[in-house]
1. Does the stretch A:263-275 include one or more residues that are hydroxyl-bearing (S, T, Y), under 25 Å from A:W141 (Cα atoms) and within 10 Å of another protein chain (Cβ to nearest Cβ)?
2. Identify all residues within the stretch A:117-158 that are assigned to a helix (DSSP H, G or I), among the small types (G, A, S) and surrounded by fewer than 18 Cβ atoms within 10 Å (Cβ to Cβ); write none if there are none.
3. So A:L171 passes all but one of these: (1) in contact (Cβ under 8 Å) with a residue 12 or more places away in the chain; (2) assigned to a helix (DSSP H, G or I); (3) within 23 Å of the chain's Cα centre (by Cα). Which condition number does it fail?
4. Check off (1) under 23 Å from A:V200 (Cα atoms); (2) part of a helix (DSSP H, G or I) for A:Y327 and give me the number that stays unchecked.
5. Looking only at the stretch B:236-246, count every residue that is closer than 21 Å to B:M140 by Cβ and within 8 Å of another protein chain (Cβ to nearest Cβ) and tell me the total.
6. Taking the stated definitions as given, is A:F84 away from every other protein chain (no Cβ under 14 Å), assigned to a helix (DSSP H, G or I) and modelled with pLDDT of 75 or more?
7. Counting just the residues of the stretch B:228-255 that are within 26 Å of the chain's Cα centre (by Cα) and in a loop (DSSP other than H, G, I, E, B), which one comes out surrounded by the fewest Cβ atoms within 10 Å (Cβ to Cβ)?
Amino acid sequence: MQQSNYLIRKVLFGLVTLAVVVGFNFALFRILPGDPVKAIARSPRLTQEMREKLRVEFGLDKPVFLDLERLKTGDVIGAFDTQFTAYINALLHGNLGISFRSRRAVSEILAERVWRTVVLVAAGETLSLVLGITLGLVAAWRRGTRADMGILLYALFSWGLPTFFLGIILLILAQGLLPVGGMVTPGLKPEDGWVYWTDVGKHLILPTLTMAIIYTSSYILIMRSSVMGVLSEDYILTAKAKGMSTFRILRSEALKNAMLPMVTIAALNLAYTVGGAIQVETVFSWPGVGRLMYEAVMTRDYPVLQGTFLLLAVAVIVANLTADILYSVLDPRVKAG
Amino acid sequence: MTMQQLREIGRAFIRRPAGIVGLIMLLVVVLVAIAAPWLAPYHPKDKIDVSPGDLLTPPDSEHLLGRDDAGRDVLSQLIYGARVSLTVGFVASFMSMVIGTTIGLVAGYRGGRIDSLSMRLVDFLLVIPDLPLMLVIISMWGRGLWKIILVIGLLGWTVTARLVRSQVLSIKERCYILRARVIGASHYRIAARHILPQVMPLVIAEAVLAVSGAIIAESSLSFLGLGDPTLVSWGMMLNFAFERAISRRAWWFLLPPGFAIVWVSVGLILIGSTLEEIVNPSLKTHHLFDPRRMMARIAGRVPKEPAPDHTALVETERAE
């Protein structure tokens, strides 16, 4: 009973978060100056009649949130015929607007690019998780030694390193050795099969490495402190007294118990990782949604900017919700939240 | 935080090499930022005459770090850039500190609905990807130093709020808070005079770390083309360098601003984590590490304390 209560609360919170993000996305592009649709519809170079037509076409003649006039006359359904409901309606139909620059549907552009970012983020997160868990475990076990100090220094240093700058340095260092830009050598097509995918793999090395070097540090620090917590428990002393080897204790006791929090941390870290993906994709011209966001900023392509932000935010929220649910399944103690 | 506490923290701080190194690294940048008009050979806003041959020239005696893609002196921009980074870092972090401490204090002390509401807000902000949100806000709102500071400061208080709340939750159960309550101290007085001083050292350690976070956030925004167009920041130098100088292999334009960011943020992280270590000592040992070797290491580093002088103790007892 409590378990299901916990899940319901988490799902509700996820839904509220999604609603706030959607509302924010809508409001931001109407409150802040610079909405080009409004600017076009107000242009003095158009005739009054033309302006009116444009306003109707963009739905700007409707009230923003709620039609109070119609609500007063008892027309409850009509009162919701507003810009906001039109926006929600379009969103539910997968309509995110049209790019100013390429004149294509934003949803189409995103669909084409999103898997590339998923591949990059998945590769980066996997590598940094593996590295972070290993190094954190070693650092906690050898606490106070030179190995621990070295690992901590690395974590501190990479914490202070901007992702994009590390990318630039790796790009300079690897020039001539590895492909430094794009996703695939021009000319190759997916139909080429093996050749194509190894080429993509080579292009993936530098961006993945950049993300891994930066995002390992937080996993190291969390793993280190949580393993240290586990190692100071009495049952570790018992295991040791029973003659269990250090390696076995580390593997079966410490790793198992310290791994649980990593599920939540990895999901929370995703919120930073997508920020890193924007920088890494910009540096290495990786044609995913991060690079798209940078291009949208540069060309003031607001529908694309809005759509990309919505996609990234929704992805992170859903990932966190999944992690919460997974965590409560893995660890039955999590009930009260 | 009493003077006594401050003195103790200071004494512990100067005994740690990491903290000292960090402090020196930060001080260098602060001094450079203050003395920028005297240190910089050129002013970044001066009108300059350039011919096409002056663009992206490598370092020479006249321009110690060469010239950028507009023929301007890189060293001078680097020196003035310290001002932007430090301003953004310290002001934004101060904002986050004030907001985070207030919310954490109120949430932890009052509990109930205020607590759960503000913690849900924290959860919410933690799930929203920061950088994309900042990109969207700044590109809609317009570029400017104060807008960048506001956005970074208003989005960065969550960690502090959580930290303060968890501290307050444990402090408010202590006996002296109960005593103060019984005597009739107001909630405001208890929060401000009895709880706040207890959490301040941790908050300050966290705020120092947040300065480096804010500096990195500003540089990322500037690198992505959303820096204040009227100022030259390190991130913006990297933006120009990346767009125009990388194919020319103009390392003198590309590397200095990047290493400047790393320098100041590593300095701040060293200070912040040293402070955290001092004010938040969780000196747990664990059972897998050979204690003899550990003792040997500690003994090798720390000078032996003189054996306690029992006669002196007896003397003071007598004097009383």
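The values are calculated or read from the model by the stated rules, or taken from the named source; none is laboratory data. This one's a predicted model, so the numbers in the text were calculated from it and none came from an experiment. Virtual Cβ from ideal backbone geometry, glycine too; neighbours counted across all protein chains shown.
1. No, the stretch A:263-275 has no match at all.
2. Once the filter is applied, which keeps residues that are assigned to a helix (DSSP H, G or I), among the small types (G, A, S) and surrounded by fewer than 18 Cβ atoms within 10 Å (Cβ to Cβ), the stretch A:117-158 yields A:A122, A:A147, A:G150.
3. Single failed check for A:L171: (3).
4. (1) is the only condition that A:Y327 fails.
5. Selection size over the stretch B:236-246: 0.
6. yes
7. B:T230
Yes/no matrix, rows are residues, columns are (1) within 13 Å of the chain's Cα centre (by Cα); (2) surrounded by fewer than 23 Cβ atoms within 10 Å (Cβ to Cβ); (3) of a type in the set (K, R); (4) farther than 22 Å from A:F165 by Cβ:
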{"residue": "A:I278", "(1), (2), (3), (4)": "yes, no, no, no"}
{"residue": "A:S285", "(1), (2), (3), (4)": "no, yes, no, no"}
{"residue": "A:M298", "(1), (2), (3), (4)": "no, yes, no, no"}
{"residue": "A:D301", "(1), (2), (3), (4)": "no, no, no, yes"}
{"residue": "A:Q306", "(1), (2), (3), (4)": "no, yes, no, yes"}
{"residue": "A:L311", "(1), (2), (3), (4)": "yes, no, no, yes"}
{"residue": "A:A319", "(1), (2), (3), (4)": "yes, yes, no, yes"}
{"residue": "A:D324", "(1), (2), (3), (4)": "no, yes, no, yes"}
{"residue": "A:Y327", "(1), (2), (3), (4)": "no, yes, no, yes"}
